[in-house]
Each structure stands twice: as structure tokens, then as C-alpha cells.
Amino acid sequence: MDTPLCDTTPLIHSPKISETLGVNAYLKLETTHPSHSFKYRGITLFAQRAVQTHGASVHLIAASGGNAGLAAACAANALHLLCTVYLPTGAAQSTIDILRRQGARVQVVGRFYAEALQAAQAHVAREDNAVMVPAYDHETLWEGHGSMVSEIASQLPNNTKPDAIFCSVGGGGLLGGLIHGCAKVGWDDVPLIALETIGSNCFYHSLSLNAPRFNSTAQVLPPHVTLTIDASLSLPLAHFHQFTSRASGSLGASQPSAQVLQMALSRSGGIVSASVPDELSMHALAQFAVELACSTTLTPAYAPSLFRKLMPPPNSPGTKRTVVFVVCGGFKISLAEAAEYGALVAQDKAQGGAWGVLIDDGSTLEVEK
Amino acid sequence: MALPSEPLWSETPLIRSGKLSKSLDASVYLKLETFQPTQSFKYRGISLFVQRAREAHGPNIHLVIASSGNAGLATAYIAKVLQLKCSVYLPEGATPSTIEVLREMDAEVVVGGRVYVEALQAVKAAAEQDPNMVMVPSYDHEIIWEGHSSLVREISTQLPTKPDAIFCSVGGGGLIGGIITGCKQVGWDDVPIIALETIGSNCFFHSIALNGSGYNSSITKILPPNVEAVYDAENDVTLAHFNKFTSKASGSLGASEPSVKVLKMALERAGGVRCASVPDEMSMQALTSFADDHKVLIELAGSTTLTPACNKSLFDKLVPNKTTEKRTVVFVLCGGFKISLDEALEFRKMAEEDVAKGGSWGVLLDDGTTLSVEKHA
């Protein structure tokens with residue numbers, strides 16, 4: 001019963017971005033899933049396997065105020081399963097409504113996410129049929145998300161292998177999927193470029209702590225971020241105790257999946273990481289209306305100097321390179337929010353100067369506003 | 001350069017809308033043509049036409065098209081893909097952003113003529129002078145409808161059942177021509193098609209009414225100001241000819257008169273074509289609700305298609321609930337590049353101001369009546 005529940009999503013060629021960057025730029029649009037984001041892939045696969053293991057009366061439990069919760073609710077809906085999503089108090093009514101519309105039960109409990117997660121875990125402990133749906137740190141999720149890469153491989157014209165794939169990173173679920181999917185189609189050597197926002201960039205900092213990267217000796221971390229070691233993999237990770245980015249609603253993971261970090265460090269195509277200020281992401285959003293987490297992926301598309309810095313040098317001069325931006329999607333955007341971001345960016349630009357983008361060699365790239 | 005022999009357009013997603021299915025008590029599917037390479041369904045028919053022209057006449061052809069935007073963009077893009085010269089003739093009033101979008105696609109842009117029809121005349125005049133020039137039709141050609149018809153074939157493989165109705169917008173009739181053609185191909189000639197337009201840019205609505213058993217087919221014809229009835233003797237149909245548009249959607253939907261052949265196909269098909277014309281503000285509201293719910297920005301021409309989806313009384317009037325079974329409907333979202341966040345916000349403001357005035361919206365129905373739809377947020 002592993003026939004995928006997901007439909008293939010569009011891979012569109014963007015003439016505008018291609019022109020700006022001097023490459024063949026493609027966008028993998030994950031917004032058309034029933035839950036508006038790529039998370040539907042891995043989570044439906046997880047749910048399907050849960051049914052195989054536990055039967056049709058399995059009860060999916062999720063602790064998430066966002067896209068993972070919605071993906072779980074949509075998956076449950078598609079498979080006619082029970083689903084309960086735990087959210088902390090203060091969760092937006094619109095989020096509660098959208099979950100209920102999918103038929104999920106919603107439990108609002110706890111002051112913040114960690115407490116909602118505890119309540120969810122308690123539920124799983126006391127109910128036999130209940131199974132916790134992981135948000136990002138599970139092999140089945142990466143396997144499911146990875147189907148995106150097989151699609152890209154068949155959708156790119158003339159069996160082109162991309163010169164790079166861009167994505168956002170929260171906890172690392174999407175990245176895990178891309179690494180998994182690339183390995184499957186013989187693209188282990190394709191560079192992956194992971195974008196985050198400053199103030200919600202646990203992956204960037206975690207990466208920097210691992211030798212031979214720039215922060216592996218000094219281990220200097222921003223306020224509210226501490227070093228932690230993943231025992232099973234002996235990997236240093238950056239743990240965030242507080243987020244200062246507007247994108248943290250979707251990108252805000254306290255620490256990345258250690259296994260994904262490990263996979264990223266060991267793959268042949270490598271991993272490039274950069275963190276952009278919120279305003280640069282909002283600037284990208286104004287050009288391409290998606291969630292702030294998602295527009296973060298597109299910042300290099302709207303800042304050519306950043307793109308050039310992140311891309312590996314071209315193999316042969318003269319050949320046009322091909323890049324894919326994974327537009328991860330997400331339901332946390334509305335016209336009103338887009339307008340708000342537009343105003344914030346305009347204000348920020350009026351102040352003049354440049355945006356400082358943290359690059360994974362420890363330097364900061366100044367991107368002219 | 002090796003000529004591609006397969007279709008160059010993209011298969012687009014057909015998604016089921018949970019939100020709309022619930023509010024309409026139906027199974028509501030959306031065909032998202034905004035994911036074509038040039039963001040509208042026009043790329044289907046136009047890329048097919050150009051591919052055939054290239055096969056027939058070689059690589060030195062110079063494509064020319066009269067367009068208000070989306071057809072021009074589709075032509076410019078296929079020209080780039082096949083490495084052909086392209087000129088787009090736009091009527092006066094074309095926005096700087098439209099001109100820029102076309103120039104970025106390396107098309108030559110010529111602005112002239114008060115309305116589309118005059119730009120078309122300029123194209124014909126130019127083509128007469130230059131043997132290399134090939135006129136690309138915007139909407140009125142069999143090959144265009146053949147290309148567009150592919151979207152129905154896709155729907156028939158994507159949808160588990162035969163729909164109870166297919167909704168679309170109408171400008172000159174290219175899209176509906178394609179849908180009618182496609183329906184015939186897949187055995188859906190009896191599936192009702194529901195054509196939406198905005199009041200003030202609704203030449204198809206008025207044309208249908210003037211013919212056969214339409215409400216305006218008697219000797220005394222009642223037409224709005226700036227619209228006149230024109231009889232086409234060769235095809236024995238009467239068309240409504242618009243001299244002026246009063247709708248904001250006319251930037252994309254504004255055809256002076258519909259394609260005669262498409263009008264005939266619509267009048268003759270088994271499933272019929274139902275028509276409705278909505279006020280601009282209803283379409284603006286549909287645009288912004290759709291953006292918030294589905295995270296996709298569409299043009300005003302496209303959101304017009306969705307007005308019944310946002311207003312159950314209108315939907316039930318157009319797709320009567322005949323059996324106890326849930327109705328399955330498809331909204332073909334035509335796409336289009338003429339929308340931005342700023343414009344969407346402006347439209348939202350206008351719709352809100354209109355709703356604040358209270359009262360109801362008057363939707364023109366094809367039986368000559370006006371349906372009062374209560375304004376709601």
C-alpha cells in the first residue's frame with residue numbers, strides 16, 4: 001500500500017529569474033499539495049506505513065502549530081484516520097480552523113510548543129492506537145519527501161542534472177528528503193544550498209560547529225543559543241532557546257535533526273549554508289508571494305550577488321547552468337501579511353545601507369538593499 | 001536545432017479544494033493553468049500553432065500577434081524556445097509592466113490602436129507586407145482550440161468521475177472553444193459549461209442571449225449603451241459588439257465580440273453553455289479570498305470564474321442539485337500574469353468598500369433575470 005497519495009507537483013521554468021541570474025532557473029512548486037506544503041509527501045507515507053503496522057484504527061497524533069500538523073490532518077483525511085493535533089495556547093484561530101476543516105481534533109494546551117509536545121507524547125503513551133507523527137526527524141519522512149527529487153529528475157528537460165538545488169531549512173526534514181532523493185537518482189554530487197533566516201538558523205550554526213568549519217574550534221554562538229552534543233552520533237549541535245526571526249513560525253526548530261546534519265556533512269555534493277536577515281526574505285516574498293519560510297529559499301533569486309557567492313564555480317565557462325529552487329510552500333501567509341512584510345521591507349530599504357548575509361565560511365556578505 | 005515534436009505545454013495540477021467543497025456542498029476541483037510556463041492556458045494553443053507554423057514554414061518565420069498581454073507573452077515565450085522572431089502588437093492603454101514583461105521575453109513590442117481590433121488590423125497590414133510574417137491568432141482559430149482542448153483531456157484522466165459542470169471565464173472565446181472541443185473528444189459533449197464574465201466586458205453573455213432561444217433573441221433587442229447587435233450572415237448568428245468596456249477585468253477579458261465559430265459551437269452543443277455576468281467587486285473579492293485560502297495569486301479575469309464558488313446562491317442557481325449525489329464541478333482557472341500583490345491589495349480594498357455600502361450584488365443570468373446576491377465579507 002505504498003502507492004503514493006501525492007500528485008506530482010509542477011516544475012516550472014522561471015524566465016524572469018533565469019534572466020536575472022543568467023542561468024536556467026526552475027521552481028519546484030510544493031504549494032499544490034492539499035496541505036499547501038511539501039510536508040504532505042513524507043507525512044502521508046508515514047501515515048500509510050502506520051496503517052500497515054497498526055491497522056485502520058490508528059490514531060495520528062501531531063504536535064505542531066503549522067505545516068506538519070496540517071499535513072498530518074490532511075493525510076488522516078485522505079486515509080480516513082483519526083487525527084489529533086496539539087497546539088500551544090496562543091495558536092492563531094485561523095490555524096485551529098484550518099485543522100478542524102480537515103476533520104482533525106485540536107487540543108490547545110501548554111504555554112509553548114515544548115509543553116504541547118509533552119501533552120501529545122502523554123496521549124501517545126496512554127492510548128494504544130495512538131502514533132506520534134514526527135515533524136521532521138524520521139527516515140520515513142525523508143524517504144517520502146525525497147519523491148520530489150525523482151519528479152524533478154524526470155521533469156527537467158534532456159536529463160539535465162542540476163548544478164545546484166536551493167532549499168530552506170527548519171529542522172532539516174526537507175533537506176533530509178533532498179539528500180535521500182538525490183542519492184536515489186545518482187545526484188549525490190549535486191550541491192545543496194540551504195537557506196535560513198538569522199535568528200532562526202540552527203542548521204547554519206550547527207554546521208559551523210563541525211570540523212573543519214569556521215566555528216568548530218572557537219564555538220562562539222549568538223545569545224540564547226547553546227552548544228549541545230548529540231550522543232548517538234557524537235555531533236555538536238546548536239540549540240536555540242529563543243527565536244528572533246519572523247520566519248520562526250515555520251522555520252523555528254530548536255535544533256536540527258542530527259542525522260540530517262550527518263548526512264549533509266558526508267555527502268559528496270556537500271552542503272552550503274547561508275542565513276539571511278528577515279527583510280531580505282520579505283523582499284523576495286514581495287516578488288513571489290509565499291510563506292516567509294519559503295521565500296527564504298528564493299533570496300538568492302532576487303539578490304544576484306548572493307547567488308554568485310553561494311554557487312560553486314562553473315564547470316566550463318560559457319555553458320548555462322541549471323538550478324532548482326524548492327518552493328516548499330506552507331499555509332502561513334495571507335494577503336494582509338504579505339502587505340505587512342511589504343511595508344516592513346520598504347521601511348528597511350529607506351534606511352539605506354546593505355543586508356548582511358551570514359556565509360558558511362564565517363564571513364558576512366553585504367547585499368545592497 | 002532538433003524540433004520538438006511533443007507538446008511544449010505543461011500538464012497542470014487538478015486539485016480538490018477542501019474549503020470550497022465544504023462551503024458549496026459539492027466536490028470542487030480547480031484546474032490550475034497558472035502553472036503553464038507563461039502563467040496562462042494560452043500557452044497550450046499558441047505553442048501548438050507556432051510549432052506547426054515552424055514545421056510548415058521553417059526557422060525564418062517572424063511571428064506577429066495582436067494581444068492585450070497573455071497571448072502575446074505565450075507567443076514571445078514559444079518564439080524564444082524555438083528561436084524565432086516575434087512582434088507583439090498591443091492596443092493603446094497597455095500598461096508599462098505589460099510592455100516590460102514582453103520586452104524581457106525579447107519580443108518586439110508595437111503599441112497602437114484604440115482597442116484590440118485595431119491592433120489586429122495593424123498586424124494584418126504588417127503581415128501583408130512581409131512574406132516571412134506569420135500571424136498568430138489570439139483566440140479565434142481551430143488550432144488554438146485544439147491546443148487548449150488538451151486541458152480537458154488532462155482533466156478526464158485526473159478526475160475520477162464525469163463532472164456535473166465545468167466553469168470558465170470568457171473573453172474572446174478561445175478558452176471555451178478549447179473546452180468545448182476537448183469535451184467532444186472525451187465524450188463530455190453533454191457536460192454543461194458555465195461561462196462567467198464581468199458586467200461591462202460581457203460580449204459572450206450578450207451574444208448568446210441574442211440567438212436561438214436566448215432571452216434577447218426577439219425582434220426588439222435590448223442591449224446596454226455602447227453595445228450593438230451585429231448579424232453575421234455567413235454563419236447565421238447575431239453577435240453583440242462592444243464599442244467600449246466598463247469593467248476592470250477588460251484588460252484581459254475585453255473582447256469587442258466573441259469568436260463567431262465558438263459562439264456557434266456553444267449554441268449547438270448538447271450540454272449547452274450557461275452564462276452569467278458578475279459585477280467587478282464580486283470578482284475582486286473572489287480573487288482575494290482565493291489568495292488567502294489557496295496561496296495562489298490569480299488575475300481578475302480568472303477570479304471571475306470563481307465567483308460562483310464564493311457565493312452559494314449563485315452556484316446553486318447555475319448547477320441545480322438534481323439528485324441526492326454530490327455534484328462534482330471543475331473550475332478552470334485560466335491564469336494570467338496581470339496581477340501583483342499591490343493590485344490584489346487594491347482590489348481587496350475596493351471590494352471591502354463596496355461590501356460596506358450594504359445591499360446586494362446583481363448578477364445577470366442567461367434567462368434575462370438578475371440574481372440578487374447578498375454582499376458578504
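The values are calculated or read from the model by the stated rules, or taken from the named source; none is laboratory data. Since this is a predicted model, take the numbers as computed values, not measurements. A quick note on method: Cβ atoms are made from the backbone with ideal geometry, for glycine too, and the neighbour counts reach across all protein chains shown. Just so you know, the surface numbers come from the protein's heavy atoms only, side chains and all, with ligands and any DNA or RNA stripped out. Shrake-Rupley method; radii C 1.70, N 1.55, O 1.52, S 1.80 Å.
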Worksheet, complete the sentence: Carbon plus sulfur, as percent of the 1.4 Å-probe accessible area of the range A:74-152, comes to 49
Practice prompt. About the Cα centre of chain A, how large is the charge dipole given +1 on each Lys and Arg Cβ and -1 on each Asp and Glu Cβ? Please answer in debye to the nearest 20.
Written response: 260
Practice prompt. For the protein assembly as shown, give the magnitude of the charge dipole about the Cα centre (Cβ charges: +1 Lys/Arg, -1 Asp/Glu; no others), in debye to the nearest 20.
Written response: 760
Discussion item. Residue by residue through A:216-227, how many Cβ atoms from other chains fall within 10 Å of the Cβ on average?
Written reply: 0
Worksheet item: Taking the Cα centre of chain B as the origin and placing charges on Cβ (Lys, Arg +1; Asp, Glu -1), which of B:Val329, B:Ala233, B:Ile78 is farthest toward the positive end of the dipole?
Response: B:Val329
Practice prompt. Show me A:3-10, A:255-262, A:90-97, A:300-307 ranked by packing, highest mean number of other Cβ atoms within 10 Å first.
Written response: A:255-262, A:300-307, A:3-10, A:90-97
Worksheet item: Average partner chain C-beta neighbours within 10 Å, per residue of B:104-117?
Response: 1
Worksheet item: Short version: which residues of the range A:27-56 lose at least 40 Å² of accessible area, all chains versus chain alone, 1.4 Å probe?
Response: A:Thr32, A:His36
Worksheet item: Accessible area per residue of the range A:70-144 at 1.4 Å probe, in Å²?
Response: 49
Practice prompt. Of the options A:Gly318, A:Gly170, A:Gln259, report the single residue whose Cα projects farthest towards the positive end of the charge dipole of chain A (beta-carbon charges: Lys, Arg +1; Asp, Glu -1).
Written response: A:Gly318
Worksheet item: Which Cα, out of B:Gly254, B:Pro160, B:Leu318, lies furthest along the positive dipole direction of chain B (beta carbon charges, K/R +1, D/E -1)?
Response: B:Pro160
Discussion item. Per residue of the range B:63-74, what does 6.51 cos²θ - 1.76 cosθ + 1.60 with θ = phi - 60° give for ³J(HN,Hα)? Whole Hz please, x for Gly and Pro, Karplus curve as stated.
Written reply: 7, 10, 8, 9, 7, 9, x, 5, 5, x, 5, 4
Response to the item:
Regression test value, accessible area per residue of chain B, probe 1.4 Å, units Å², expected 40
Worksheet entry | HN-Hα J in Hz across the range A:73-84 - Karplus 6.51, -1.76, 1.60, θ = phi - 60°, x for Gly and Pro | 4, 5, 5, 4, 4, 5, 9, 6, 10, 6, 8, 10
Discussion item. I need the phi-derived Karplus couplings for the range A:107-115: 6.51 cos²θ - 1.76 cosθ + 1.60, θ = phi - 60°, integer Hz, Gly and Pro marked x.
Written reply: 10, 9, 8, x, 7, 8, 3, 4, 6
Worksheet item: Under a point spin-label approximation (7 Å from Cα along Cα-to-Cβ), what is the B:Glu100-B:Glu128 distance to one decimal in nm?
Response: 3.7
Item to complete: Count, for each residue of B:34-46, the Cβ atoms from other chains sitting within 10 Å of its Cβ, then give me the mean as a whole number.
Response: 2
Item to complete: For B:Met133, enumerate residues with amide H under 5 Å from its amide H, sequence gap 5+ or separate chain, H modeled in the peptide plane.
Response: B:His62
Item to complete: Report the relative contact order of the range A:1-134, percent, no decimals, based on alpha-carbon pairs under 8 angstrom and at least 6 residues apart.
Response: 21
Discussion item. Below 14 Å, Cα to Cα, which aspartates and glutamates can B:Lys375 reach? Residues fewer than 8 away in the same chain don't count.
Written reply: B:Asp280, B:Glu281, B:Glu352, B:Glu353, B:Asp354
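Which percent of the accessible area of the range B:92-226 is formed by carbon and sulfur heavy atoms (probe 1.4 angstrom)?
53
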Item to complete: Please give the contour-minus-distance gain from B:Arg16 to B:Asp190: 0.36 nm per residue of separation, less the Cα-Cα distance, rounded to one decimal in nm.
Response: 60.4 nm
Worksheet item: Buried accessible area for the B:A pair, summed, 1.4 Å probe, in Å² rounded to 100?
Response: 1900
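Hey, can you rank A:272-280, A:74-82 by average C-beta count inside 10 Å, highest first?
On the way: A:272-280: 23.9, A:74-82: 20.7.
Highest-to-lowest ranking by the protection proxy: A:272-280, A:74-82.
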Discussion item. Once you keep just the Cα pairs under 8 angstrom separated by 6 or more residues, what percentage relative contact order results for chain A?
Written reply: 18
Worksheet item: What net charge is computed for the residues neighbouring A:Gly352, neighbours being all others with C-beta under 10 Å from the C-beta of A:Gly352, Lys and Arg scored +1, Asp and Glu -1?
Response: 0
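With only Lys, Arg, Asp and Glu charged, each at its Cβ (+1 for the first two, -1 for the last two), find how big the charge dipole of the range B:224-345 is about the Cα centre; round to the nearest 20 debye.
It works out to roughly 440 debye.
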Response to the item:
Reduced to Cα centres, the span from the range A:17-58 to the range A:213-242 in Å works out to 30
Worksheet item: Which value at 222 nm does chain A reach when only helices count, each DSSP H run of 4 or more adding -39,500 (n - 2.57), with the total divided by all residues and rounded to the nearest 500 deg cm²/dmol?
Response: -11500 deg cm²/dmol
Discussion item. What's the ranking of B:340-348, B:283-291 by average number of surrounding C-beta atoms within 10 Å, highest first?
Written reply: B:283-291, B:340-348
Discussion item. Debye calculation, C-alpha points only, no solvent: report log10 I(q)/I(0) for chain B at q = 0.08, 0.10 Å⁻¹, in the same order as the q values.
Written reply: -0.37, -0.60
Practice prompt. Note every residue of the range B:268-300 with a reduction of at least 30 square angstrom in accessible area, all protein chains present versus the isolated chain, computed with a 1.4 Å probe, or write none.
Written response: B:Asp292, B:Lys295
Discussion item. How large a share of the accessible area of the range A:1-73, in percent, is made up of carbon and sulfur atoms when the probe is 1.4 Å and the other protein chains stay in place?
Written reply: 53
Worksheet item: Tell me, what is the percent relative contact order of the range A:277-369, built from C-alpha pairs under 8 Å that lie six or more residues apart?
Response: 32
